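J.: Got a structure for you, written out below as C-alpha cells; questions coming shortly.
The values are calculated or read from the model by the stated rules, or taken from the named source; none is laboratory data. Since the structure is predicted, the reported quantities are computational estimates derived from the model, not experimental observations. When we count neighbours, we look across all protein chains shown, and the Cβ atoms used for this are built from the backbone with ideal geometry, even at glycine. Keep in mind that these areas ignore ligands, DNA and RNA; they rest on the heavy atoms of the full protein, side chains included. Shrake-Rupley method; radii C 1.70, N 1.55, O 1.52, S 1.80 Å.
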Amino acid sequence: MTTWDAVVIGAGPNGLVAANHLIDAGWSVLLLEAQPEVGGAVRSAEDVHPGFVHDTFSAFYPLAHASPTIRSFHLEDHGLTWRHAPGVLGHPLPDGEWALLHRDRHITAAHMDSQHPGDGEAWLDLCRDWDHIGEHLIGALLSPFPPVRSGLSVLSHLRGVGGLDFVKTLLTPAAELGRTRFGGVSPRILIAGNAGHADIPLDAPGSGLMGMLMSMLGQTVGFPVPEGGAGALTRALARRFEARGGEIRCSTEVVGIEVSHRRASGVRTADGKLLTISRAVVADVVAPKLYGGLVAAADLPARTTQALRSFQLDPGTVKVDWALDSPVPWAGTPDFAPGTFHVADSVEDMTEALGQVSARAIPAHPFMLAGQMTTTDPTRSPAGTESMWAYTHVPQQAVRDAGEGGIRGTWDGDDCERFADRMQERIEKLAPGFTSRILTRRVLGPRELEARDANLVGGAINGGTSQLHQELFFRPIPGLGRAETPIRGLYLGSASAHPGGGVHGAPGMNAARAALAHHRVRRLLPGQR
Ligand SMILES: Cc1cc2nc3c(=O)[nH]c(=O)nc-3n(C[C@H](O)[C@H](O)[C@H](O)COP(=O)(O)OP(=O)(O)OC[C@H]3O[C@@H](n4cnc5c(N)ncnc54)[C@H](O)[C@@H]3O)c2cc1C
C-alpha cells in the first residue's frame, strides 16, 4: 500500500495552492476531489447554452492577480491568460448615469470629476495613499495570524499616509467612508458596492476596509478573468501540480480522517479505501464539515466541538446565468463597458438590502453583483452576444419575505425562479428590453450550489461570515486562528481559515507552510509524534 507524505482533501483554489507548495518542497502528494473535476468554486462550463461558457460560481479575480502566492506559481506557463474588460467596474444609476472605475486612475478621476468637481483629486489622493501602503496591507492580510513581519512593514509605512487618521479611515464603515472623502455619488457607491462583496454590514467596521481593498485592487490590478472561463485558473494550478509529479483523483469524496495517537494518519474515501499518510493532511474543507463529520467527535477536544456550535456561516446565495442574443441594452451607455457591475439604486438602498439579509428577511430589492463576461473575454460566447451572470445573498434561514412575492425561503425550484424574476426585474429597469434578449436562463439556488461544491453550505460562499467576530484569531473558532488544528498533522486550508474567502490561495498556502514547518521541527526532535 502506498503511503503519501501528504493528502490534500478538496481541489478548490486553496487545496490546489497547498498541493503545489507541498510538491515544490519535494513531498509526495495526493489530491482528492469529490466532484468529477478540479476547481471548487472556480469552475466554468458550456452548460447553460450551446456556444456559451458560463462560470459556475466565481468570475473575476483581483485577489488572485495580487496574491504573491498565486503569482509565484507562474500560471501563465501552464496555460493561464488573464483578460480585462474595457472598464473594471461599473454601477448603473437610476437616472442612466454610471459610476465607473477604469484601470487608468486618471480616467477614473476625470469621470468622477465630471460628475462632482473635486472628487477626481480626492480619488487620486486615495490612490496615492494606497500606493504607499497597499502592498504591505495585502501582505499582512494574507499572512498567517499574527502577521509579524508584514504587520511591522504596515506600521513602518503608516506614517506616510497620515498614521492613526488612516487607521481610522480603514475602520470607518463603508457607507460612511465615501461620505467623509467624496461629495458625489460615484466614489461612494463604488466603495460601498465593493464592500458588499463580503457579508459585513455596510454600517459596521471592517466594511470600509473591504470596500477600500476591492476598489484599490480594481484600480491597480483590475478585475481580471481567465481567458476561456474561470476553470482555466484552477486547471492551470492542477496542470502545474501534475507536471511536478502530483496525483489528482476526482470523483473521490473523503468521508473520514483517521487519527491515531492524536495525529492524522490517513483518510477514508467513500469507495471504502483507506489512504495512509506519513506527514500531513491538508483539508480544503469548510470548518463545520471538517469538525462536524470528517474528524470523529471522539478525536476532538470538547472545547472545539463546543466552540463550533457558535460558528456562523455567511448568508446563502442565489446566482442567475443568462445567455443573451445581443449585448445588454443599457438605458445609459457607459463611457467604457465594465466587466463587473453592481446593482442598487443608492448606497442607502444597498444598505437596506444587506440589512434585510442580516434581519433574516428575503430582500425586496436585492443588491446584486453581476458580470458581462463576453465584454471582458470575447471567447466566452459568439460575437455580438453576451454571457452574463448576477448573484445576490439571501438569509440562511429566512423568517419572512421583505418583498411582495411571498417567497418562502425554502429555495426549491419555485422559490429560486421567482427570486430570479425579482433579480431580473432590477436589470430590466436599468436596461429596458433586457428580458427579450434572453436565450436561456439558469438559476442556481443554495441547494444547487452546495450540490456542486460541498463547501458552499446553504449557498454560503466564504466558508463562514467575514464579520469581525469570526476573523483573525477568531477564525474559524476562537483560539484556532491558524491552519493548525487540535489534531497533529491535520491542517485547515480552506476559506474557513484566516484570512477567509476569495481566490487568493492564502489559507492553502498557510496550511502547507505550517505542515512543512512542523515536519522540520519533528525531524529535529526524534521520538516526537
Ligand atoms: C457564487 C460565488 C461567487 C464568487 N465570486 C467570487 C469572485 O468573483 N472572486 C473571488 O475571488 N471569489 C469569489 N467567490 C469566493 C471563492 O470562490 C471562494 O472563496 C474560494 O473558491 C474558496 O476556495 P476553497 O479552495 O477554500 O474552497 P472551494 O473553492 O469551495 O473548494 C473546495 C473543494 O473541496 C471539495 N471538497 C469538499 N469536501 C470534500 C471531501 N469531503 N472530499 C473531497 N473533496 C471535498 C469540493 O468539492 C471543492 O472542490 C465566489 C464564490 C461563489 C460560490
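Residue-wise test of (1) in contact with a Lys or Arg (Cβ under 9 Å, 6 or more places away or on another chain); (2) within 15 Å of the ligand (Cβ to nearest atom); (3) assigned to a loop (DSSP other than H, G, I, E, B).
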{"site": "T340", "(1), (2), (3)": "no, yes, no"}
{"site": "D349", "(1), (2), (3)": "no, no, no"}
{"site": "E352", "(1), (2), (3)": "no, no, no"}
{"site": "A364", "(1), (2), (3)": "yes, no, yes"}
{"site": "W389", "(1), (2), (3)": "yes, yes, no"}
{"site": "D414", "(1), (2), (3)": "yes, no, no"}
{"site": "R418", "(1), (2), (3)": "no, no, no"}
{"site": "P432", "(1), (2), (3)": "no, no, yes"}
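J.: Looking only at the range 85-136, which residues are surrounded by fewer than 17 Cβ atoms within 10 Å (Cβ to Cβ) and closer than 23 Å to L430 by Cβ?
T.: P86, P94, D95, G96, E97, I107, S114, H116
J.: For residues that are more than 16 Å from the ligand (Cβ to nearest atom) and not in a helix (DSSP H, G or I), scanning just the range 442-479, find the one that is nearest to A420 (Cα to Cα).
T.: Ranking the qualifying residues of the range 442-479, first place goes to I477.
J.: Regarding the range 34-57, can at least one residue be identified that is away from the ligand (no atom under 15 Å from the Cβ), open to solvent by less than 20 Å² (accessible area, probe 1.4 Å) and either aliphatic (A, V, I, L, M) or within 30 Å of L449 (Cα to Cα) (or both)?
T.: yes
J.: Test of understanding: among R279, R249, R262, which residue is open to solvent by 70 Å² or more (accessible area, probe 1.4 Å), of a type in the set (K, R), more than 22 Å from the chain's Cα centre (by Cα) and modelled with pLDDT of 95 or more?
T.: Sole residue among the options that is open to solvent by 70 Å² or more (accessible area, probe 1.4 Å), of a type in the set (K, R), more than 22 Å from the chain's Cα centre (by Cα) and modelled with pLDDT of 95 or more: R249.
J.: Can you spot a residue in the range 305-312 that is assigned to a strand (DSSP E or B), touching a residue at least 40 places away in the same chain (Cβ under 8 Å) and of a type in the set (G, A, S)?
T.: no
J.: Take the conditions of a type in the set (S, T, N, Q), in a helix (DSSP H, G or I) and out of contact with any Pro (no Cβ under 6 Å at 6 or more places or on another chain) and apply them to S265. Does it pass?
T.: Considered against the rule, which asks whether it is of a type in the set (S, T, N, Q), in a helix (DSSP H, G or I) and out of contact with any Pro (no Cβ under 6 Å at 6 or more places or on another chain), S265 comes out as no.
J.: Here's another thing I want to ask about it. Kindly provide the set of residues from the range 397-411 that are open to solvent by less than 60 Å² (accessible area, probe 1.4 Å) and in contact with a helix residue (DSSP H, G or I) (Cβ under 8 Å, 6 or more places away or on another chain), ordered by number.
T.: The answer is A402, G403, G405, I407, G409, W411.
J.: Out of (1) assigned to a strand (DSSP E or B); (2) open to solvent by 30 Å² or more (accessible area, probe 1.4 Å); (3) aliphatic (A, V, I, L, M), what's the single condition that is false for A383?
T.: Condition (1) is where A383 drops out.
J.: Tell me the residue from L170, L217, L164 that is under 27 Å from the mean Cα position of the chain (by Cα) and more than 16 Å from the ligand (Cβ to nearest atom), please.
T.: L170
J.: Something else: Identify, from the list L472, L449, the residue that is open to solvent by 60 Å² or more (accessible area, probe 1.4 Å), touching a residue at least 60 places away in the same chain (Cβ under 8 Å) and in contact with a Gly (Cβ under 8 Å, 6 or more places away or on another chain).
T.: The unique qualifying residue is L472.
J.: Another question, if that's okay. Condition test on T317, is it among the polar types (S, T, N, Q), within 23 Å of the chain's Cα centre (by Cα), buried (at least 20 other Cβ atoms within 10 Å of the Cβ) and within 16 Å of the ligand (Cβ to nearest atom)?
T.: yes
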